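Only one structure is covered here, and it is reproduced in the block below.
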Amino acid sequence: MNLEIATLGTHQILVNGAEAQFKSKTAEELFFYLLAHPEGKQKEEILEQLWQTEPNKESNNRFRVTVHRIRHALESNDALLEQHNRYRLHADVLAATDLNQMYKALEQAHDAPTEELKLRAFQSLIRLYKGDFLPSVTASWANELREELRGVYVRANLEISLLHCGTGACAGAVSALVRALHIDPYIGENYHQKLMTCLSVVEDKYASIEHYRRFIHFLRVELEDSPMPETLILAERIKNGEKICNRAPMQITANCPFSSDGACVGQHNQVLEALATYDTAVMQP
């Protein structure tokens, strides 16, 4: 049996190259629920969380039929296992998902012996993230995993920005920060400061101040707040033409905020694809 299971930004289950036929929305929902809980769940938990009911003759029969439909759709009786009234998907089924690949890439990044291998693993992770987990499912169990995966994706991009800036790849740092802030503009004002700094190197002071302007608007409209004094000072320094990055090709005035040793080589006159859609990617005025 050849399985391909996509859950990020869409949902698709292919069995030997063809769409799986679950025969009912209930069976498909239980499948994705167990996918989100690889450790498995007791039948009583499933009945309560998915169907808001307790075990009885009717619900037990419905559950039995649903389990059968999942096994039939995946063309294997071992696809969904039961042990001591606990139901879980087979390890081979879990391994066929984009979720598994994403978490595997995260593990590889954490275990990578070099920064180059760490960067490759994080880049693999963000390529796998094509959008929210099961975007059409509004149940609380899906929302919980959705938020967890968003956090993994955001953190991976922040790590990528650090790695890029450590090697002087400021354009890559900007792209990674834009991706992270697009998903979660609340992650911290320091990341908006870092984006302002790198924009001033990769593009110019005008691109940096444009982000600052949008960030002020975001704070005012979404949080009824104002920027930190440090952000105001940074904006003023950039507006005055001061070179913030340590290794920008003019006078050194301060360390690059991405790197512990201030290593950040300026890369001017680069056209960033991420900035082409900047208006819609981060925040609207």
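The values are calculated or read from the model by the stated rules, or taken from the named source; none is laboratory data. Quick caveat: nothing in here was measured; it's all calculated off a predicted structure. Because the Cβ atoms are built from the backbone with ideal geometry, glycine has one as well, and the counts that use them run over all protein chains shown.
Just give me the residues in the stretch 12-24 being under 26 Å from M102 (Cα atoms) and surrounded by fewer than 17 Cβ atoms within 10 Å (Cβ to Cβ), in sequence order. Steps first, please.
Step one: of the stretch 12-24, the residues under 26 Å from M102 (Cα atoms) are 12-22.
Those that are under 26 Å from M102 (Cα atoms) and surrounded by fewer than 17 Cβ atoms within 10 Å (Cβ to Cβ): Q12, L14, N16, G17, A18, E19, Q21.
For L149, indicate whether it is more than 24 Å from L223 (Cβ to Cβ) and aliphatic (A, V, I, L, M).
On the way: more than 24 Å from L223 (Cβ to Cβ): yes; aliphatic (A, V, I, L, M): yes.
Judged against the criteria, L149 is a match.
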Can H217 be described as under 22 Å from Y153 (Cα atoms), in the same structural domain as R146 (by TED's automatic domain parsing) and not charged (D, E, K, R)? no
I'm told S259 meets every condition in (1) modelled with pLDDT of 90 or more; (2) in contact with a Cys (Cβ under 7 Å, 6 or more places away or on another chain); (3) among the small types (G, A, S) except one. Can you identify the failing condition by its number? (1)
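How about the stretch 1-88: which helices (runs of 4 or more DSSP H) wholly inside it have at least 1 residues that are farther than 23 Å from F133 by Cβ? Steps first, answer last, please.
On the way: elements: 25-36, 43-51, 57-73.
Hits in the stretch 1-88: 43-51, 57-73.
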Go over the candidates T97, T114 one by one and state the one that is in contact with a Ser or Thr (Cβ under 9 Å, 6 or more places away or on another chain) and farther than 29 Å from Y186 by Cα. T97
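Condition first: part of a helix (DSSP H, G or I) and within 13 Å of the chain's Cα centre (by Cα). Now tell me which residues in the stretch 102-143 satisfy that.
Narrowing the stretch 102-143 to residues part of a helix (DSSP H, G or I): 102-111, 115-128, 140-143.
Correct list: M102, Y103, A105, L106, F122, Q123, S124, L125, I126, R127, L128.
Answer yes or no as to whether A180 is surrounded by 16 or more Cβ atoms within 10 Å (Cβ to Cβ), assigned to a helix (DSSP H, G or I), in contact with a strand residue (DSSP E or B) (Cβ under 7 Å, 6 or more places away or on another chain) and not basic (K, R).
Values: surrounded by 16 or more Cβ atoms within 10 Å (Cβ to Cβ): yes; assigned to a helix (DSSP H, G or I): yes; in contact with a strand residue (DSSP E or B) (Cβ under 7 Å, 6 or more places away or on another chain): no; not basic (K, R): yes.
Spelling it out, it is not the case that A180 is surrounded by 16 or more Cβ atoms within 10 Å (Cβ to Cβ), assigned to a helix (DSSP H, G or I), in contact with a strand residue (DSSP E or B) (Cβ under 7 Å, 6 or more places away or on another chain) and not basic (K, R).
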Need pairs with beta-carbon distance below 6 Å; first residue touching a residue at least 24 places away in the same chain (Cβ under 8 Å) and within the stretch 177-190, second small (G, A, S) and exposed (fewer than 15 other Cβ atoms within 10 Å of the Cβ); sequence gap 6+ or separate chains. V178/A281; H182/A281
Find all pairs meeting these conditions: Cβ atoms under 6 angstrom apart; at least six residues apart or on different chains; first residue within the stretch 103-132 and hydrophobic (A, V, I, L, M, F, W, C); second residue not in a helix (DSSP H, G or I). A121/A112
